[in-house]
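Reading through the structure tokens given below for one structure.
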């Protein structure tokens, strides 16, 4: 493992055939040290009691979310080829010649404006990726302490949306380049923005059952959320495609459905995911989502005690139970009880 403090050029070899350039597996916390011995690891996410980026090995990040239902707590993202790691300013990143995974951790002051912090972070990330060989961000994860808390007269999620919009709207045609994304709340200090970018431009996929988030009316936030419902990656030199599904909830049109009913919200959320998969299936000459297998899922629950009633519903998705991690997290809207994100491989 090689860690640099300044920018270095990496020359990778792309020899993909049917192998996707990213693979995800779940592991136990006891396996972290052995996992990081593998030079192909681009990111290992340890769901634990803190939010941090490891100073000795920036491939390892900790996220302050508790796992539920005996889920394995470490999510490992493998690439193809040797990974090198770097630090520059506030950004830690890992690259392998094809892909880049970066992290920006913000130690939030006691008195601050979240929108300003997020705007600065997103401007910094945008400038950074545009200076690299990996200018196309296709996936972003936002971990926000107290995401539903009222601060300075406004909910922190809405402040987050204001800051993100202020930064991303500086770019021309910004709605045409939005990545898949999620924003969930933690109970521990530290704002973490993690992102994945590459050399291939993602294909945005919107959901026929939902209004695009960037067209939401201002009742949800003074500035609309800026993300795509999913992105489809057509990797260079690889026959396979990958679909990255954003955090998805029980929203039809732009309205929350089934307030207070966790089972109905789980059913509606799965219907939204199926609608995305149906669209991608048609693009690939398949008949329906039933012909597509999800390779991994993250499921965020607001109330841990509600896991068991809906585990069976979530299990109906075509994904192995060993590739699902259940997490305790706050969701962007107070009337949403769960959120699901996922990845599927298409051959």
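Quick rundown of the values:
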| quantity | calculated |
| --- | --- |
| Tally, over the range 305-325, of residues that are surrounded by fewer than 21 Cβ atoms within 10 Å (Cβ to Cβ) and either part of a strand (DSSP E or B) or under 14 Å from the mean Cα position of the chain (by Cα) (or both) | 0 |
| Residue in the range 208-231 that is touching a residue at least 60 places away in the same chain (Cβ under 8 Å), in a strand (DSSP E or B) and under 25 Å from residue 132 (Cα atoms) present | yes |
| Any hit, the range 224-233, residues being in contact with a helix residue (DSSP H, G or I) (Cβ under 8 Å, 6 or more places away or on another chain), within 22 Å of residue 119 (Cβ to Cβ) and either loosely packed, with under 15 Cβ neighbours inside 10 Å or modelled with pLDDT under 95 (or both) | no |
| Test: residue in the range 32-53 that is modelled with pLDDT under 95 and in a loop (DSSP other than H, G, I, E, B) | no |
| Pair list, Cβ < 8 Å and 6+ apart or interchain, from the range 176-201 residues that are on the phi > 0 side of the Ramachandran plot and surrounded by fewer than 22 Cβ atoms within 10 Å (Cβ to Cβ) to residues that are modelled with pLDDT under 95 and not in a strand (DSSP E or B) | 190/107; 190/108 |
| Residue within the range 169-179 that is assigned to a strand (DSSP E or B), farther than 14 Å from residue 121 by Cβ and in contact with a strand residue (DSSP E or B) (Cβ under 8 Å, 6 or more places away or on another chain) present | no |
| Residue tally, condition within 21 Å of residue 330 (Cα to Cα), over 16 Å from the mean Cα position of the chain (by Cα) and surrounded by 18 or more Cβ atoms within 10 Å (Cβ to Cβ), over the range 203-223 | 4 |
| Failed condition for residue 246, given (1) in contact (Cβ under 8 Å) with a residue 60 or more places away in the chain; (2) surrounded by 17 or more Cβ atoms within 10 Å (Cβ to Cβ); (3) assigned to a loop (DSSP other than H, G, I, E, B); (4) touching a strand residue (DSSP E or B) at 6+ places or on another chain (Cβ under 9 Å) | (3) |
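Residue-wise test of (1) out of contact with any strand residue (DSSP E or B) (no Cβ under 8 Å at 6 or more places or on another chain); (2) closer than 18 Å to residue 178 by Cβ; (3) assigned to a strand (DSSP E or B).
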site	(1), (2), (3)
97	yes, no, no
102	no, yes, yes
117	no, no, no
141	no, yes, yes
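The values are calculated or read from the model by the stated rules, or taken from the named source; none is laboratory data. None of the values given here were measured: they were computed from a predicted structure. Because the Cβ atoms are built from the backbone with ideal geometry, glycine has one as well, and the counts that use them run over all protein chains shown.
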